[in-house]
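The values are calculated or read from the model by the stated rules, or taken from the named source; none is laboratory data. Please read all numbers here as calculations on a predicted model, not as lab measurements. Note: ideal-geometry Cβ built from the backbone for every residue, glycine included; neighbour counts use all protein chains shown.
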C-alpha cells in the first residue's frame, strides 16, 4: 500500500469544496443582502491558478451558489468545472469523472464536512483542513496543518507539485 507522499505522484485532478476549505468556517452576513461574506486566502488562489496553468484539472464542487464565487474563480482562470449549488456532490463528481475519463486514484479531493463524505470515500487522496469535522478527518489520508480559508488548498497543491517536480519550475514566474 502506498503512503501519502507516494499517492501524490498519481494526482492529475484537484477538487475542492468552498465553505470550510477555500473559505473560513466562520461567516459574517452582509447587512444589505443577508448573504454570507466569505474570506479566502490569496496563497490558495495562487496555488489554484498555478495548478490550472500547469495542466492539472482543478474543480470546485460546493453547495454555495453566489455570483462572487463565479467571478472569483474566473479571475483565477478557472472557467470550467465549477459546480455551485450542489446538494448531492456525488452527481457532479461522477459527471466530472466521466467527462475526463478519470481514475479515482488520480483525484485529490479536499472537503471539511458531511456533504463531502461520500465523494471523499471514492477518490484516491481524500484530504481535509485542520478544522474539519471528525468524520472527515477519520477518512482523510492527509489532514492539513492549515484551517479552512487559511492556506489548506495551497498546502496540498504545493505538496503534489513538489512530489511531481512541478514546484518552483523555471517558467513558474511567467505563468501567473
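Only residues that are surrounded by fewer than 19 Cβ atoms within 10 Å (Cβ to Cβ) and at positive phi were counted in region 41-86, giving 3. Considering the conditions (1) under 15 Å from residue 43 (Cα atoms); (2) part of a helix (DSSP H, G or I); (3) in contact (Cβ under 8 Å) with a residue 40 or more places away in the chain, residue 149 is excluded by exactly one of them, (2). Applying the condition of being crowded, with 20+ Cβ neighbours inside 10 Å and modelled with pLDDT of 90 or more to region 1-18 and asking which residue is farthest from the chain's Cα centre (by Cα) yields 8. Looking across region 104-116, the residues that are under 12 Å from the mean Cα position of the chain (by Cα) and not in a helix (DSSP H, G or I) come down to 107, 108, 109, 110, 111, 112. Going through (1) touching a residue at least 60 places away in the same chain (Cβ under 8 Å); (2) under 18 Å from residue 122 (Cβ atoms); (3) surrounded by fewer than 18 Cβ atoms within 10 Å (Cβ to Cβ) one by one, residue 111 falls short only on (3).
A quick yes/no check of all residues on (1) in a helix (DSSP H, G or I); (2) more than 20 Å from residue 49 (Cα to Cα); (3) free of Cβ contacts under 8 Å to residues at least 24 places away in the same chain:
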{"site": "85", "(1), (2), (3)": "no, yes, yes"}
{"site": "90", "(1), (2), (3)": "yes, yes, no"}
{"site": "98", "(1), (2), (3)": "yes, yes, yes"}
{"site": "102", "(1), (2), (3)": "no, yes, no"}
{"site": "118", "(1), (2), (3)": "yes, yes, no"}
{"site": "138", "(1), (2), (3)": "yes, yes, yes"}
{"site": "153", "(1), (2), (3)": "yes, no, no"}
{"site": "158", "(1), (2), (3)": "yes, no, no"}
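Every listed requirement among (1) surrounded by 16 or more Cβ atoms within 10 Å (Cβ to Cβ); (2) closer than 28 Å to residue 94 by Cβ; (3) at pLDDT 90 or above; (4) in contact with a helix residue (DSSP H, G or I) (Cβ under 6 Å, 6 or more places away or on another chain) is met by residue 21 save one, (4). Residues in region 87-105 that are in contact with a helix residue (DSSP H, G or I) (Cβ under 6 Å, 6 or more places away or on another chain) and crowded, with 17+ Cβ neighbours inside 10 Å: 89, 93. In this structure, does residue 79 turn out to be out of contact with any helix residue (DSSP H, G or I) (no Cβ under 6 Å at 6 or more places or on another chain), under 17 Å from residue 18 (Cβ atoms) and free of Cβ contacts under 8 Å to residues at least 12 places away in the same chain? Judged against the criteria, residue 79 is a match. Considering region 120-136, and only residues there that are touching a helix residue (DSSP H, G or I) at 6+ places or on another chain (Cβ under 8 Å) and either modelled with pLDDT under 95 or assigned to a loop (DSSP other than H, G, I, E, B) (or both), the residue that is surrounded by the most Cβ atoms within 10 Å (Cβ to Cβ) turns out to be 129.
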